[in-house]
Amino acid sequence: MSEIISRDTLDHLIQASYFIAILLFILGIKRMSSPVTARRGIRQAGLGMVLAVAATFFLPNMGNFFLIISALFVGSLLAWVSARKVAMTGMPQMVALYNGMGGGAAATIGAVALYADSDYGVVIMSLAVAGGLIGSIAFSGSLVAYAKLEGLISKTMRFPGQQLFNALVFLGAIGCGAALLVVEGYPFELITVFFVLALLAGITITLPIGGADMPVVISLYNALTGLAVAFEGFVLDNAAMIIAGTVVGAAGTLLTQLMAKAMNRPLSNVLFAGFGDTGGEGGGGPEGNMKETEASDAAITMAYAEKVIVVPGYGLAVAQAQHKLWEFCERLMERGVDVKFAIHPVAGRMPGHMNVLLAEAGVPYDLIFDLEEINAEFDEADVALIIGANDVVNPDARNKKDSPIFGMPILNADHADNVMVVKRGRGTGFSGVENPLFFADNTQMVFGDAQEVANHFIQGLKSLAE
């Protein structure tokens, strides 16, 4: 290559490729902010990654091409197969897993620099240590988040003095990292202890956090992964890694703040308060009884309504009922019913989970509204159809100061004339918090699998036409 193109020219071409790749990353993330352009944005960001990887092969002193290409092939094949097979309900777990791999890769770069006793100078080695610490925490913490969402860890693990223990582990990792910068020669044992403590910190910090808070945790670890990649970009003197990591870190931080705001809880409360236990009791139960109705009767009520607002939740994803639900809604609209979908920012188990679910079923984007856009319309709705959602429509968030979700902005489903709730059983749901809406005078419960219930809704409408 050097005989055809000079080294300086090649370096300029590499940096130009990185610049174009970064522009594609930024443009892709921008377009992912809207469902209309999200698919195009993903493709553009992917093209940017391909360009950045291809340009990296031409860097000076590159070697071990067989190992690099083999790793790329195996990793790409595994990602392709797993992404094709994963169900929509498993998407949050996959996001957590892939995010963890990014943090682990960043930590590995830092480990290589430290174990190799590289002569980068104090500033660069400080960034290697910082990236190794943050990347290790993001890696092990994301794996715990994956295990919780996948059901491999079914209980939230807490013990007396846990927060103090976590603090000591974290401070121990920081202390070892600081020692590495002042002790001559980067001792092997100290490096090992540093990474063990960093990995342990990610595990012990995440274990006490309940499954209901996992969307915020995944978003936080995504931000940490981006920051770690940016730090290690300085170690490798790679502009693409620096800027891409910074963009991802900034986007993840903003998303984490938005989600915490949507729950009206500071991030410290999510990490340290212990809410969201999958096995929680939810406090004393509401007074009254749930009033059960048949799916066919609920369908007839909605058929004669003027306005129906649908509130989807994770239960819809579990039952894979989005297609049947949309078929039912289409039949309602054919009867002249005004149908809209209301999405809470933390509905589901990852940011945008419900938007992706509805888009997969073919629901038009102009029928899907965020909390701020739709909330005032519940006062005009004849029916609020809640399917698989709990906390995001819980009136205790407004009325009960001792509720763990008090102060969280909710969808005003209880303001509708009638509330139809599709629920598998009478339990408290994923977060363990009881919902008094299910016992309200204007609420009727339709128990059963969401897909089967949606099918009965359709049959109920068909019976009216016969």
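Tabulated results
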| item | result |
| --- | --- |
| Qualifying residue in the stretch 266-276 (condition: at pLDDT 90 or above, of a type outside the set (Gly, Ala, Ser) and in a helix (DSSP H, G or I)) | no |
| Failed criterion for residue 423 (all others in (1) under 26 Å from residue 331 (Cβ atoms); (2) surrounded by fewer than 23 Cβ atoms within 10 Å (Cβ to Cβ); (3) not hydroxyl-bearing (Ser, Thr, Tyr) hold) | (2) |
| Flag if residue 115 is among the aromatic types (Phe, Trp, Tyr) and surrounded by fewer than 21 Cβ atoms within 10 Å (Cβ to Cβ) | yes |
| Residue match in the stretch 82-93 (condition: at pLDDT 90 or above, on the phi < 0 side of the Ramachandran plot and not assigned by TED's automatic domain parsing to the domain that holds residue 320) | no |
| Flag if residue 318 is within 27 Å of the chain's Cα centre (by Cα) and outside any strand (DSSP E or B) | yes |
| Some residue of the stretch 124-139 being surrounded by fewer than 19 Cβ atoms within 10 Å (Cβ to Cβ) and without any contact (Cβ under 8 Å) to a residue 40 or more places away in the chain | no |
| Residues of the stretch 303-333 classified as surrounded by 24 or more Cβ atoms within 10 Å (Cβ to Cβ) and over 22 Å from residue 344 (Cα atoms), total | 0 |
| Helices (runs of 4 or more DSSP H) enclosed by the stretch 1-93 - at least 1 residues per element that are within 22 Å of the chain's Cα centre (by Cα), among the aliphatic types (A, V, I, L, M) and under 22 Å from residue 250 (Cβ atoms) | 7-31, 38-56 |
| Index of the failed condition, residue 140 passing every other in (1) under 23 Å from residue 242 (Cα atoms); (2) under 19 Å from the mean Cα position of the chain (by Cα); (3) among the hydroxyl-bearing types (Ser, Thr, Tyr); (4) not in a helix (DSSP H, G or I) | (4) |
| Of all residues making up the stretch 366-401, the number that are surrounded by fewer than 24 Cβ atoms within 10 Å (Cβ to Cβ), modelled with pLDDT under 90 and small (Gly, Ala, Ser) | 1 |
| Residues within the stretch 344-390 that are among the aliphatic types (A, V, I, L, M), under 21 Å from residue 95 (Cβ atoms) and not in a helix (DSSP H, G or I), tallied | 5 |
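The values are calculated or read from the model by the stated rules, or taken from the named source; none is laboratory data. What you see is a predicted model; the values in this text were computed from it and never measured. Positions of Cβ are generated from backbone atoms using ideal geometry, with glycine treated the same way; all protein chains shown enter the neighbour counts.
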